[in-house]
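Any read-out appearing in this document is the output of simple, stated calculations on the displayed coordinates, not a laboratory observation. Quantities reported herein were computed from a predicted structural model and do not represent experimental measurements. Note: ideal-geometry Cβ built from the backbone for every residue, glycine included; neighbour counts use all protein chains shown.
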Amino acid sequence: MRRHAAQIRHPIQRPHETTMERTLSRNEAKVILDLEWRGQKTVTLAELREKLGASEGYARLLAHRLVKKGWLERLRPGLFQLVPAGRGREGVADTHPLTAGAVLVDPYFFSFGTACTYHGLTEQVFAEVYLACQERRRPETIRGKRYVFVYVPEERFFGFEETAVLGQVVQMATVERALLDAIDRPRYAGGIGEVFRIAARAAPRVSWEALLDLLREWRSSALVQRLGYFLDLHGVDVRDDVRAAMLELVLPQSKIQLGSRRKWGTTGKLVRPWNVVENLPRDVFTPKGEKPRRRVVFPSKRRDR
């Protein structure tokens with residue numbers, strides 16, 4: 001019996017390809033309509049086999065046809081992203097790097113340089129997209145964009161919230177979490193020099209209470225010490241009770257190096273009360289000629305953003 005195509009005919013034109021109709025055969029429609037009804041944004045070959053009750057070979061063939069027709073986009077081997085009917089007659093795929101990254105791993109949230117850019121804490125343009133996740137994974141390149149997966153243990157998987165990007169909900173680090181992640185692992189935020197500038201831009205934006213809550217849950221003396229060091233360096237006017245709360249989180253006799261010990265060594269000026277050793281030249285993060293920023297006061301309550 002001859003198969004009937006579903007009544008969806010959207011002609012599309014792709015580079016170096018002949019014009020095709022964005023049609024759906026009966027089995028193709030079964031897959032696409034099921035994804036649409038479920039609100040499912042991605043599908044794997046294994047899921048295609050299950051939906052169709054078919055062999056792996058047929059699932060691959062059907063996926064290939066749906067990619068060619070513009071209904072699916074191949075993200076990586078065995079993983080495809082739906083290009084819904086709402087994308088119009090040409091079936092234009094979503095090329096925003098955040099919406100693509102949101103389907104690569106679960107659970108996740110965007111942080112480090114990516115979240116700092118989103119919140120306006122940096123002017124640096126990052127070639128990579130940084131995702132915090134609970135897996136140790138190699139970077140992936142999707143649509144020419146490199147995605148870096150930063151392992152974060154389950155007990156520190158907090159400090160993020162839902163935000164909309166082009167109508168799609170993604171998980172994004174809060175301003176406070178983005179700041180702490182940048183300080184904790186500068187290599188994912190442009191290096192320590194850029195983190196110095198991120199701290200200055202974050203100061204008037206964050207909620208001090210929210211930041212303290214994150215620090216208490218994080219339980220890292222070194223993170224508190226580096227944060228306190230940067231706040232003092234920028235002349236941030238911290239209330240006495242807040243400063244005391246931070247110092248209580250610092251382990252007795254804890255002494256840390258500001259920069260990488262492998263790169264900069266272990267010696268340098270000891271800055272109190274945070275016991276941070278300036279083991280790198282200060283002009284690494286305060287270029288010559290740059291004037292100290294004016295004193296900044298953290299707001300006591302989160303401002304509406």
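Between the amide H of residue 72 and those of 67, 83, distances stay under 5 Å, these residues lying 5 or more places away or on another chain, with hydrogens modeled in the peptide plane.
For residue 108, no residue whose modelled amide H falls within less than 5 Å of its own remains once neighbours fewer than 5 places apart on the same chain are excluded. Dividing the C-alpha radius of gyration of region 114-206 by 2.2 N^0.38 Å, with N its residue count, gives 1.06. Region 202-272 and region 124-165 have Cα centres separated by 24 Å.
For region 97-284, the alpha carbon positions stretch 46, 35, 29 Å along the principal axes, listed from largest to smallest. Annotation: amide H of residue 150 within the under-5 Å range of 131, 132, 133, sequence separation 5 or more or interchain, hydrogens built in the peptide plane. Legend: ranking of residues 55, 111, 221, 254 from fewest to most surrounding C-beta atoms inside 10 Å; resulting order 55, 254, 221, 111. For chymotrypsin sites (Phe, Trp or Tyr not before Pro), the sites in region 93-170 that DSSP calls loop and that have at most 16 other Cβ atoms within 10 Å are 157, 158.
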